[in-house]
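The values are calculated or read from the model by the stated rules, or taken from the named source; none is laboratory data. Remember, predicted model here, so these are calculated numbers, not experimental data. Cβ placement follows ideal geometry from the backbone for every residue including glycine, while neighbour counts extend to all protein chains displayed.
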Amino acid sequence: MVIKVCLNGGRTKQEHEQIPITLDEIIKEIHVLKKFGVEHFHVHLRGSDGKETFDNQLLAPQMQVLRERYPGVKIGISSNLFDSMTPEIRHEKISEWKFKTDYVSVNLSEPGSLEIWNLLKEKEIMPEAGIWTMEDARIFVKNKLDQYCERALIEMFFEEEEEAVFQANQISAFLKEHNNTLEQVHHGEGINTWAIVDNALKKNYGIRIGLEDTLVLRNGERASSNEALYNELIKD
C-alpha cells in the first residue's frame, strides 16, 4: 500500500510557515520523512521567485539533485494548470523537458489532459491519473489510460465528509470493475482529508497526506508540519 506525502502544492508560506518552497527546503522535508520509511513524494517545484514553473531550465537541475540524493525514492511532480497557465503553453513547456521524473500527475478534468498524457508517454514518463469525478473515471476507462499509468489518484474536494467518502467509493468501485489490479491512491482536501484517508485505509487503498492537501490534524487543530501530518496518520 502506497503512502505518499504531498509536500507543498501551490501553497505559500503565508498559508503555512512550514511549506517547503526552495529545493533545500524540499530536500530537508524528504530527508526527515524518509527516516519514517516514506518512499513516495509529490512536489510542486518552483523557480527562484518561489512560483510554480514548467520551464525545463528550472526543473531539470532540481530533479537531477533529487534523483542523485534519493535514488530509491519515487518523486513525482504536477502538470496542473496553475495561475494563468493555458493548456497550450503547458504542452509547449513539457514538450521541452530534457529530464525524467518517476511520474507526473495529470488532472483529467483539465483541458488538454489527454494530449499531456500522450506527450508523457512519448517521453517515457509515467502519468498518474488525477480523477476528481465519475466523468473523469469514464474518460480514464474510455481511453484505456490504465494501459500506461502509474496509478489512479482519486481526489475529493467536497467539504461535506459523507459526500466526499460516497463519491470516492463510487469512483473506486467503477475503476476496480474495469481494472482490478490498478493501484489506487485516495486523498481529500482540508478537513475532509481525514475522512477520505481513513476510509481508504479501511479498504487497503493507498493514501496521500501532506500540507498540500490539509493544514489540520484529525481534531481540526493546525498541523505544525508535514511530519506532524504523517505522524497523525500512523498513530494508533
Legend entry - All positions within the range 21-52 that are in a loop (DSSP other than H, G, I, E, B) and free of Cβ contacts under 8 Å to residues at least 24 places away in the same chain: Lys35, Gly37, Gly47, Ser48, Asp49
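Please specify each residue of the range 63-95 satisfying the condition of being of a type in the set (Ser, Thr, Tyr) and either in contact with a Leu (Cβ under 7 Å, 6 or more places away or on another chain) or surrounded by 14 or more Cβ atoms within 10 Å (Cβ to Cβ) (or both). Spell out the reasoning first.
So the first thing to find is which residues in the range 63-95 are of a type in the set (Ser, Thr, Tyr), and the list is 70, 78-79, 84, 86, 95.
Those that are of a type in the set (Ser, Thr, Tyr) and either in contact with a Leu (Cβ under 7 Å, 6 or more places away or on another chain) or surrounded by 14 or more Cβ atoms within 10 Å (Cβ to Cβ) (or both): Tyr70, Ser78, Ser79, Ser95.
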Inset, instruction - Please work out which residue is modelled with the lowest pLDDT, limiting yourself to the range 128-159 and to residues that are within 14 Å of Glu110 (Cβ to Cβ) and in a loop (DSSP other than H, G, I, E, B). - result: Phe157
Legend entry - Whichever residue in the range 179-198 is over 18 Å from Ile234 (Cα atoms) and surrounded by 14 or more Cβ atoms within 10 Å (Cβ to Cβ) and, among such residues, is modelled with the lowest pLDDT: Gly190
Legend entry - Counted residues, the range 178-204 - those being without any contact (Cβ under 8 Å) to a residue 40 or more places away in the chain and in a loop (DSSP other than H, G, I, E, B): 9
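Kindly check whether there is at least one residue in the range 54-64 that is under 19 Å from Gly210 (Cα atoms) and more than 15 Å from the chain's Cα centre (by Cα).
So the first thing to find is which residues in the range 54-64 are under 19 Å from Gly210 (Cα atoms), and the list is none.
No, because not a single residue in the range 54-64 is under 19 Å from Gly210 (Cα atoms) and more than 15 Å from the chain's Cα centre (by Cα).
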